[in-house]
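Have a look at the structure below, then the notes.
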Amino acid sequence: GQDCAGLIFARSQSGARPAIEITWFQALAACANVGKRLPTNAEWQMAVSGTPNNGAAEDRATDCNTNGAIPSEPTGSRSNCVSAFGAYDMVGNVWEWVADWVPLSAEPCPGWAGFSDDHMCLAGARTDGRGPGPLFRGGGFNDGDAAGEFSVVSLLVPQQTGLIGFRCAR
């Protein structure tokens, strides 16, 4: 969709800033154009496991970028922001699209209550006819304690953009 078949490509390069302001459709096509796909929500959750969640205590040098002043840091530049599976920058920096869609969430977002202080915006289906929403995960550069391995939101329709990036899976 959106005239991107064969025109955009996903490329993971250490030290490069992640792509942002990309729609879900563009992220899907970028992965497909290099023989990969968006990870499912469950795959993303497994890959992020073990990533430290420093939130407001971030040291702004090596911890996950959750209290930054700019939308994204170069990939892999935060040495303490790595999961048990070796995946960098899954918490903070930029939100990430995943493959799964759910009903677009109503607001206000309820959060996880005592389970976690991470974002959770799966609050029941909206009734304004806007349609389904793909999930995005992890939190962004300015989400503080609300960024983390349990951050999950469905507030945008797939053709919208925001400070959202993506990663690809095989």
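What is the Å³ per residue value for the convex hull set by the Cα atoms of the range 1-151?
Working: hull volume 17.9 nm³, N = 151.
Enclosed volume per residue, from the Cα hull, is 119 Å³.
Counting only the Cα atoms, the range 70-148 fills a convex hull of 121 Å³ per residue. Under 5 Å between amide hydrogens, built in the peptide plane, is the criterion, and for residue 121 it picks out 152, 153, 154 among residues at least 5 positions away or on other chains. Subtracting the Cα-Cα distance of residue 123 and residue 45 from their residue separation scaled by 0.36 nm leaves 26.1 nm. The charge dipole of the chain, taken about the Cα centre with unit charges on the Cβ atoms of Lys, Arg (+1) and Asp, Glu (-1), comes to about 600 debye, rounded to the nearest 20. Loop-located trypsin sites (Lys or Arg not before Pro) across the range 54-144 with a Cβ neighbour count of 15 or fewer within 10 Å are 60, 130, with loop assigned by DSSP. At 1.4 Å probe size, with the rest of the protein present, what percent of the exposed accessible area of the range 1-108 is carbon and sulfur atoms? Looking at the range 1-108 in its full context, I get 56 percent from C and S. In loop segments of the range 110-167 as defined by DSSP, the chymotrypsin sites (Phe, Trp or Tyr not before Pro) with at most 11 further C-beta atoms inside 10 Å of their C-beta are 115. A 1.4 Å probe run over the chain, with the rest of the protein chains in place, finds 47 Å² accessible per residue. Backbone N atoms of the range 148-170 closer than 18 Å to the 7 Å Cα→Cβ label point of residue 34 belong to residues 164-170. Based on DSSP H segments of at least four residues, each scored -39500 (n - 2.57), the chain has a per-residue ellipticity at 222 nm of -3000 deg cm²/dmol. In order along the range 26-37, the phi-based Karplus estimate (6.51 cos²θ - 1.76 cosθ + 1.60, θ = phi - 60°) of 3J(HN,Hα) comes to 5, 4, 4, 5, 4, 5, 4, 5, 10, x, 10, 8 Hz; Gly and Pro are listed as x.
The values are calculated or read from the model by the stated rules, or taken from the named source; none is laboratory data. What you see is a predicted model; the values in this text were computed from it and never measured. For neighbour counting, all protein chains shown are included, and Cβ atoms are generated from backbone atoms with ideal geometry for every residue, glycine included. Note: accessible area is taken over every heavy atom of the protein model, side chains too, but ligands, DNA and RNA are not part of it. Shrake-Rupley method; radii C 1.70, N 1.55, O 1.52, S 1.80 Å.
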